[in-house]
Amino acid sequence: MQIDRLLQQQGFGTRKGCRNLVRNGRFSIDGEVIDNPFAEIDPTGLKFCVDDREWPYFEKAVILFNKPAGYECSRKPKHHPGIYTLLPPQFVERDIQSVGRLDEDTTGLLILTDDGQLIHALSSPRRKVPKVYRVTLRHPLDEAQVQALLDGVLLNDDPDPAHATAAGIIDSHTLLLTITEGRYHQVKRMLAAVGNRVEALARVAVGGLELPADLPEGQWRWLEAADLERLWSQCP
Ligand code: URA
């Protein structure tokens, strides 16, 4: 693939801008500067540097992001900064999008990608991809609340009950809740429906993929091939 095309595809700007970037000696592979933007390179397994930062080549970008509180999952946020301000501009240029959204005050695992098929597969209600939330509650939990969440609760504007597919009590005020849908404020509304109230909400897993313990809030990482396979295997 021609270098200018590769850089454009990977989010480094317009074709013209990418040509200038290369001509200005800002592109290298294995420490060797290549200043001919029309040179052909094999992108398979490629790692390249722009301005001394190394980038792996991915035809489609898929990243894990640990969302902090205080950010909206929107490109045009209304009341708080958007999560995209926390990511490299190359991702925005590539038009990566979050798979589903978390509320402004919810933290935890978000998958972002420019792979439309993956977004569709993970968000399709038909596939019932499990999402696990750690829920911190205002009032002590009891067995009746947990059973009601598993049996299904009615959310005010919807005739279909919302079910948890698993609910594990961690302590009197903490619950690990698994749902397979993504209705508006679903977890908060489910807990309100059983007479409790969510004080803090963190997503800890999506489709069998757990939030890495060593990924701090506000940080992202590429999804490894094995993780990607695991994710696809959840949505056949
Ligand atoms: N349920 C909610 O209520 N909020 C979220 O951010 C995600 C699920």
Problem - Antiparallel DSSP beta bridges within segment 102-234, as percent of all bridges there, nearest 5 - result: 90 percent
Problem - Reach of Lys60 by Cα under 12 Å, taken over aspartates and glutamates that are not fewer than 8 positions away in the same chain - result: Asp95, Asp114, Asp115
Handout entry: Percent RCO, i.e. relative contact order, over the chain, from Cα pairs under 8 Å lying at least 6 residues apart
Key = 19 percent
Exercise for the section: For the chain, give the share of DSSP beta bridges that are antiparallel, in percent and rounded to the nearest 5; count only bridges with both residues there. Expected result: 95 percent
Practice task
May I ask you to give the solvent-accessible area per residue for segment 122-183, in square angstrom, as obtained with a 1.4 angstrom probe?
Solution key: 55 Å²
Practice task
Amide H neighbours of Leu102 under 5 Å, at least 5 residues apart or on other chains, H built in the peptide plane: list them.
Solution key: Cys73
Completion exercise
Of all DSSP beta bridges having both residues in segment 3-56, the percent classed as antiparallel (nearest 5) is 100 percent
Problem - If the convex hull is drawn through the Cα atoms of segment 3-56, its volume per residue in Å³ - result: 68 Å³
Completion exercise
Out of Thr85, Thr136, Thr165, a Gaussian network model of the chain with alpha-carbon springs under 10 Å gives the largest mean-square fluctuation to Thr85
Fill in the blank from the handout: Expected field for Arg138, accessible surface area in Å² at 1.4 Å probe radius, rounded to 10, holds 110 Å²
Fill in the blank from the handout: Over the chain, the sum of -39500 (n - 2.57) across DSSP H runs of at least four, divided by residue number and rounded to 500 deg cm²/dmol, gives at 222 nm -6500 deg cm²/dmol
Exercise for the section: Pop the C-beta distance of Arg5 and Lys76 into the FRET formula with R0 = 30 Å and round what comes out to the nearest 0.05. Expected result: 0.50
Completion exercise
With Cα springs under 10 Å, the Gaussian network model of the chain assigns the largest mean-square fluctuation among Lys47, Lys60, Lys131 to Lys47
Completion exercise
Taking a straight Cα-to-Cα line shorter than 19 Å from Lys76, and setting aside same-chain lysines fewer than 8 residues away, one finds Lys67
Practice task
Could you grab the relative contact order for segment 130-206? Cα pairs under 8 Å, six or more apart, rounded to a whole percent.
Solution key: 48 percent
Problem - Candidates Val129, Val206, Val153: whichever shows maximal mean-square fluctuation once the chain is modelled as a Gaussian network with Cα springs under 10 Å - result: Val153
Exercise for the section: Report, ordered by chain and residue number, the aspartates and glutamates lying within cross-link reach of Lys16, taken as a straight Cα distance under 17 Å and ignoring same-chain residues fewer than 8 apart. Expected result: Asp4, Asp35, Glu40, Glu93
Exercise for the section: Report, by chain and number, residues whose modeled amide H sits under 5 Å from the one on Ala164, excluding near sequence neighbours (fewer than 5 apart, same chain). Expected result: Leu150, Gly152
Completion exercise
For the chain, the accessible surface attributable to carbon and sulfur atoms (probe 1.4 angstrom, ligands and nucleic acids excluded) amounts in percent to 49 percent
Exercise for the section: Could you grab the relative contact order for segment 3-56? Cα pairs under 8 Å, six or more apart, rounded to a whole percent. Expected result: 30 percent
Fill in the blank from the handout: Net charge near Arg19 (other residues with Cβ under 14 Å of its Cβ; Lys, Arg +1; Asp, Glu -1) is +3
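The values are calculated or read from the model by the stated rules, or taken from the named source; none is laboratory data. In this text the structure is predicted, and so the values were computed from the model without any measurement. Neighbour counts are summed over all protein chains in view; Cβ atoms, including those assigned to glycine, are modelled from backbone coordinates with ideal geometry. Just the protein is used for accessible areas: all its heavy atoms, side chains included, with ligands, DNA and RNA removed. Shrake-Rupley method; radii C 1.70, N 1.55, O 1.52, S 1.80 Å.
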